[in-house]
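Below is one structure, written out as structure tokens, with a few remarks after it.
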Amino acid sequence: MKKIVSLAIIGLLAFSVLSCDRTNDNVQQVQDNDTYSTAYDLNNVSFVKDNNGDYTISRNFNNPLVESDVVLIFRKSGTTNNGSPVWQSIPRTLYLTQGELDYDYDFSRVDIQIYAGGTFDPGLAPTYINNQTFRVVVVPAATGSKNTNANVDLTNYESVAKFYNIKESNVKTL
């Protein structure tokens, strides 16, 4: 009888040890299967100075975003020798002769707002606030979390486009 009780206790201990989930410190991984990455261009747009003296660009999304979506914005800072665009992620600080110029943004489910500001009036550097091109990319939020194994640099447009299979031919205008 003692052998049966001992074997039963050992069996229960073995079962409880094997049934423990020790991967990722018991953090539940969630994959967002309802979001498809989308990219939009804002071509040749100029910042508008509001009553507070802030320079902004505002756009509404055609359809509200899913609550778990994240927006990344890149500014076209130039082109390569072969004509390909050079994309800089924002927020970004540029160090100009007039001082520091900062680009930043925020977003909601229905819109985005891009800001230009800094240590001087951005109107004194019209090259950096007029006729600008931005790429707005909507991606699932889970990619940036520590719970995913995504190998994507969210500050590098080429990495984002490759990971999310964003094709130039599918980029829409916002």
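A short reminder: the numbers here are calculations on the coordinates, not readings from a lab. Quick caveat: nothing in here was measured; it's all calculated off a predicted structure. Cβ atoms come from the backbone with ideal geometry, glycine included; neighbour counts cover every protein chain shown.
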*Express in nm, to one decimal, how much length is gained between ASN151 and ASN44 on full extension, taking 0.36 nm for each residue of separation and deducting their alpha carbon distance.*
35.3 nm
*May I ask you to compute the full-extension gain from GLU168 to VAL110, defined as 0.36 nm times their residue separation minus their alpha-carbon distance, rounded to one decimal in nm?*
18.5 nm
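For TYR36 and ASN130, FRET efficiency with R0 = 35 Å and r from the beta-carbon atoms, rounded to 0.05?
Values: r = 33 Å, r/R0 = 0.94.
For R0 = 35 Å, the calculated efficiency reads 0.60.
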_What three numbers, in Å, describe the spread of the alpha carbons of the stretch 32-173 along their principal axes, ordered from the longest?_
45, 38, 29
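Taking each pair of different alpha-carbon atoms in the stretch 71-126 once, compute 1/r for the pair, average those values, and report the inverse of that mean as the Kirkwood hydrodynamic radius in Å to one decimal. Before the final figure, lay out each step's value.
Values: mean 1/r = 0.0791 Å⁻¹.
This gives a value of 12.6 Å.
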*Output ³J(HN,Hα) for the stretch 44-58: one whole-Hz value per residue in order, computed from phi by the Karplus curve 6.51 cos²θ - 1.76 cosθ + 1.60 with θ = phi - 60°, and x for Gly and Pro.*
6, 9, 10, 5, 10, 7, 8, 5, 8, x, 8, 9, 9, 10, 10
